[in-house]
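*Asks:* Attaching a single structure in structure tokens format; questions to follow.
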Amino acid sequence: MEANLWMQWSRLAEQDPARDAIIHWVDDRADFRWRRDDLLREATQAAAWLKERGVKAGDVCALIIRHEPRFYPLYIGVVRLAAIPAVLAYPNARIHPDKYVDGLVGMSRRSGLDWVLTEQALEPVVGSLVSRPDSSVKGILLPLEGEWPVHPEDSLEPLEVDPRSPCLLQHSSGTTGLQKGVVLSHTAVLGHVQAYAEAVNLQPTDRVVSWLPLYHDMGMIAAFHLSLAAGIPLVQMDPFQWVSAPGLLFEAISREGGTLTWLPNFAYNILADRVHGDDLAAVRLDGMRLFVNCSEPVRSESHQRFLDHFAIAGARPSMLGACYAMAETTFAATQTEPGVPAKVLHVDRDQLARGRVVPAAANGSTRTCVSSGQPIRGCDLFVVGDDGAILGPGQVGELVIQSEWMFDGYRNNPEDTRQSLRSNQYFTGDYGFTLGGEWFVIGRKKDIIIVAGKNLYPEDVEDALLGVQGVLPGRVVAFGLDDGTTGTEEVAVVAETEFRGEKERKALKRAILMAGMAVDVTISKVFLVDPRWLIKSSAGKPSRKANKQRVLDELLTTPRETHDL
Amino acid sequence: MISETLKKVILAELDLDDCELREETVASEVPGWDSLSHIGILCAVEKAFKVRFSTLEALRLKNMGDLQALVTQKLKQLSDLSA
């Protein structure tokens, strides 16, 4: 690997300029294919256009752009200027524009956003970011509207960049505005990509197919940067289109000869539910090497459903791998061995709850755990007990990672950095264990909710409900409930209210759902309860853990319509 | 016009007591109807009406009217086949 991303991409373009770099995939066969040389030429033009408008080295450029062929040279153009790209989610129609802008202002303060690069359609929404005194944004740029300079070399100096300087800003858990900014250096991204390429045994003949959004570390690092830096073609689909029609993934794999893809666990269930009959007629999955399950707890049932449905199209157990990854370690910490099915353990559930891994008895309560593989090169993992002591194989504790590709800390957030990053060890907040050299992730120390691969903090959901009339102030908790059908979690809310009438309680429930929608959170279950129903923690605040258990014990054993108590 | 059966299936899937569903209603206007629950809704509608939607048919759905039209078309195909 070269010393920085631009040099690496340039070397690959010189070696084989005509090779596909990115296939911008759309369902109606109007794909746009970026050759390596064209992509970099266009990126240089984008860099010159950005420079003319005042973007400088070190500036953070938020990219808020939908599935669009010129996104890629624009992103690369930001890197060419030695500025720092940060891909953000495009707002969906349900989020209130004011809430969205408030979120961006919060993000600009935390992450230090300097520029917003977006589409004309979004300008009326985000335009106020520049004038707000609490925002760091210097300007809104509409690069897709402008003509990029034809002779960019005239205005661009040769790129000189310290390999340890930032090359991108990713955002980890939370809703917009409260997410933590993770800054990664050229060294971290290139080094990690190389190590991860070894872990998945990347071959020149590989082709990555991905529908993952690029604001997510799995889409950004595993699909986008791995492909670009290793010189492997990337078939990039539209995430919005995929979720409307999941079968498009198989169409893209079949049409483009895909060999590698990364999926959060829920995607295995969705594919099994939605792709059937005629959709499978032209699908062939025989050429796939790996479907990597990541970003959510890996469920054995999801893998089995996938195999049951798609064995007929060529899916085999040896294709189903898994990895354990997070933005803070650039991406992966572990990966299962390519060509070998992820290992599965059936353990005693009660013993596991006590922190011990014991094989399940024939008639006992069983928990099935799927391995996330072994540490990739440059990463070490430890299991740590509550007292900080390192635990041995078969003992459950918090997973701690030491990585050569570690982030430097959360941007402008020393407090969270101190909590998570100690002596260059990242305390993940996940519970797990190791056995036989394999690593298993089984739960979370933190109250985080993972919905379809997206991490949500319950505090953000609870805060969104503060102003809902009828909910007693401070008397609401949010948590995640497992949904075996979708293979992911759903957001549940318990709120105390004094409302008694059926009509006003229905209106309150609806108001809670709408308040969630306004911050782009879908609340799937609302439990309205009487005052003093919620169990308090020792600190006097409603306890999420205890109240979740109370809901599971008392409310979810009753029919659905009685959730509203 | 959205049929009462289709409305009931969708409201049950979203765990909603009531919500106005017109032909021009889009998913973002309905509490709880996001990209993930959309999948569950399509599965529930398929199950309730004993029909199947292809990938491309699902992709073309833009509003409630499109979904109603697709269900009606599928039911007519079934009826023609059995006639």
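*Asks:* What are the pairs, 6+ residues apart or on separate chains, where a residue within segment B:53-76 that is away from chain A (no Cβ under 14 Å) has its Cβ under 7 Å from a residue that is open to solvent by less than 30 Å² (accessible area, probe 1.4 Å) and among the polar types (S, T, N, Q)?
*Replies:* B:M64/B:T25
*Asks:* In the set A:Q419, A:Q395, which member is at pLDDT 90 or above, out of contact with any Asp or Glu (no Cβ under 6 Å at 6 or more places or on another chain) and not hydrophobic (A, V, I, L, M, F, W, C)?
*Replies:* Being at pLDDT 90 or above, out of contact with any Asp or Glu (no Cβ under 6 Å at 6 or more places or on another chain) and not hydrophobic (A, V, I, L, M, F, W, C) holds for just one of A:Q419, A:Q395, which is A:Q395.
*Asks:* Take A:L129 and decide whether it is modelled with pLDDT under 95, over 26 Å from the mean Cα position of the chain (by Cα) and surrounded by 14 or more Cβ atoms within 10 Å (Cβ to Cβ).
*Replies:* no
*Asks:* State all residues of segment A:100-121 that are over 12 Å from A:V60 (Cβ atoms), in contact with an Asp or Glu (Cβ under 6 Å, 6 or more places away or on another chain) and open to solvent by less than 30 Å² (accessible area, probe 1.4 Å); if no residue qualifies, say none.
*Replies:* A:V105 - this is the single residue of segment A:100-121 that is over 12 Å from A:V60 (Cβ atoms), in contact with an Asp or Glu (Cβ under 6 Å, 6 or more places away or on another chain) and open to solvent by less than 30 Å² (accessible area, probe 1.4 Å).
*Asks:* What number of residues within segment B:38-62 satisfy the criterion of being farther than 30 Å from A:R29 by Cβ, touching a helix residue (DSSP H, G or I) at 6+ places or on another chain (Cβ under 8 Å) and surrounded by fewer than 16 Cβ atoms within 10 Å (Cβ to Cβ)?
*Replies:* So the count comes out to 1.
*Asks:* Every residue in segment B:1-26 that is of a type in the set (A, V, I, L, M, F, W, C) and touching a residue at least 24 places away in the same chain (Cβ under 8 Å), please.
*Replies:* Selection gives B:M1, B:I2, B:L6, B:V9, B:I10, B:A12, B:L14, B:L21, B:V26.
*Asks:* Please state which of the following conditions A:P91 fails to meet, knowing it meets all the rest: (1) open to solvent by 60 Å² or more (accessible area, probe 1.4 Å); (2) at pLDDT below 95.
*Replies:* (1) is the only condition that A:P91 fails.
*Asks:* Here's a follow-up. Specify the residue that is farthest from the other protein chains (Cβ to nearest Cβ); the eligible residues are those in segment A:234-280 that are part of a loop (DSSP other than H, G, I, E, B) and in contact with a helix residue (DSSP H, G or I) (Cβ under 7 Å, 6 or more places away or on another chain).
*Replies:* A:G258
*Asks:* Still on this model: Name the residues in segment A:215-233 that are part of a loop (DSSP other than H, G, I, E, B) and either modelled with pLDDT of 95 or more or in contact with a Gly (Cβ under 8 Å, 6 or more places away or on another chain) (or both), would you?
*Replies:* Result: A:H216, A:G231, A:I232, A:P233.
*Asks:* Still on this structure, please answer the following. What is the residue count in segment A:509-532 for residues that are within 19 Å of B:S35 (Cβ to Cβ), among the hydrophobic types (A, V, I, L, M, F, W, C) and either without any contact (Cβ under 8 Å) to a residue 60 or more places away in the chain or open to solvent by 30 Å² or more (accessible area, probe 1.4 Å) (or both)?
*Replies:* 3
*Asks:* Right, here's the next one. Restricting attention to segment A:37-70, which residues are without any contact (Cβ under 8 Å) to a residue 40 or more places away in the chain, assigned to a helix (DSSP H, G or I) and either open to solvent by 10 Å² or more (accessible area, probe 1.4 Å) or among the β-branched types (V, I, T) (or both)?
*Replies:* A:D37, A:D38, A:L40, A:R41
*Asks:* So which of A:T187, A:T205 ends up being surrounded by fewer than 24 Cβ atoms within 10 Å (Cβ to Cβ) and either assigned to a helix (DSSP H, G or I) or of a type in the set (A, V, I, L, M) (or both)?
*Replies:* Unique residue meeting the criteria: A:T187.
*Asks:* Right, another one. Considering only segment B:27-52, state which residues are out of contact with any Leu (no Cβ under 9 Å at 6 or more places or on another chain), in contact (Cβ under 8 Å) with a residue 12 or more places away in the chain and of a type in the set (K, R).
*Replies:* B:R52, the sole residue that qualifies.
*Asks:* Return the residues of segment A:218-252 that are among the β-branched types (V, I, T) and either within 17 Å of the chain's Cα centre (by Cα) or buried (at least 24 other Cβ atoms within 10 Å of the Cβ) (or both); say none if nothing qualifies.
*Replies:* Scanning segment A:218-252 gives A:I221, A:V235, A:V243.
*Asks:* Can you find a residue in segment A:209-217 that is without any contact (Cβ under 8 Å) to a residue 60 or more places away in the chain, touching a helix residue (DSSP H, G or I) at 6+ places or on another chain (Cβ under 8 Å), open to solvent by 10 Å² or more (accessible area, probe 1.4 Å) and of a type in the set (G, A, S)?
*Replies:* No, that holds for no residue.
*Asks:* If a residue has to be in contact with a helix residue (DSSP H, G or I) (Cβ under 9 Å, 6 or more places away or on another chain) and more than 7 Å from chain A (Cβ to nearest Cβ) to count, how many in segment B:27-37 make the cut?
*Replies:* Residues in segment B:27-37 being in contact with a helix residue (DSSP H, G or I) (Cβ under 9 Å, 6 or more places away or on another chain) and more than 7 Å from chain A (Cβ to nearest Cβ): 3 in total.
*Asks:* Just to be sure, is A:G467 over 19 Å from the mean Cα position of the chain (by Cα) and modelled with pLDDT under 85?
*Replies:* So A:G467 fits the description; yes.
*Asks:* Can you list residue pairs whose Cβ atoms sit under 7 Å apart, with the first residue in segment A:286-300 being at pLDDT below 95 and the second being aromatic (F, W, Y)? Count only pairs 6 or more apart in sequence or on different chains.
*Replies:* If the second residue must be aromatic (F, W, Y), the pairs left are A:C294/A:W262; A:E296/A:F266.
*Asks:* Only one of these is under 23 Å from A:E490 (Cβ atoms), out of contact with any Lys or Arg (no Cβ under 9 Å at 6 or more places or on another chain) and away from chain A (no Cβ under 14 Å): B:K7, B:K47. Name it.
*Replies:* B:K7
*Asks:* I need a count of the residues in segment A:93-128 that are within 23 Å of A:A515 (Cα to Cα), among the hydrophobic types (A, V, I, L, M, F, W, C) and in contact with a helix residue (DSSP H, G or I) (Cβ under 8 Å, 6 or more places away or on another chain).
*Replies:* 7
*Asks:* Still on this structure, I have one more. Among the residues of segment A:336-370, which ones are of a type outside the set (A, V, I, L, M, F, W, C), open to solvent by 10 Å² or more (accessible area, probe 1.4 Å) and within 19 Å of A:T259 (Cβ to Cβ)?
*Replies:* Answer for segment A:336-370, where residues must be of a type outside the set (A, V, I, L, M, F, W, C), open to solvent by 10 Å² or more (accessible area, probe 1.4 Å) and within 19 Å of A:T259 (Cβ to Cβ): A:E337, A:P338, A:G339, A:P341.
*Asks:* Give me the residue from segment A:395-450 that is small (G, A, S) and surrounded by fewer than 16 Cβ atoms within 10 Å (Cβ to Cβ) and, out of that set, nearest to the chain's Cα centre (by Cα).
*Replies:* Among them, the one singled out is A:G443.
*Asks:* Within segment A:1-26, can you find the residues that are open to solvent by 40 Å² or more (accessible area, probe 1.4 Å) and outside any helix (DSSP H, G or I)?
*Replies:* Once the filter is applied, which keeps residues that are open to solvent by 40 Å² or more (accessible area, probe 1.4 Å) and outside any helix (DSSP H, G or I), segment A:1-26 yields A:M1, A:E2, A:A3, A:D16, A:P17, A:A18, A:R19.
*Asks:* Moving on to the next point. For A:D162, which of the numbered conditions (1) charged (D, E, K, R); (2) closer than 30 Å to A:T187 by Cβ; (3) in a helix (DSSP H, G or I); (4) modelled with pLDDT of 90 or more fails to hold?
*Replies:* (3)
The values are calculated or read from the model by the stated rules, or taken from the named source; none is laboratory data. Note that the structure is a prediction, hence the values are computed from the model and not measured. Here the Cβ is made from the backbone with ideal geometry for all residues, glycine too, and neighbour counts use every protein chain on show. Just the protein is used for accessible areas: all its heavy atoms, side chains included, with ligands, DNA and RNA removed. Shrake-Rupley method; radii C 1.70, N 1.55, O 1.52, S 1.80 Å.
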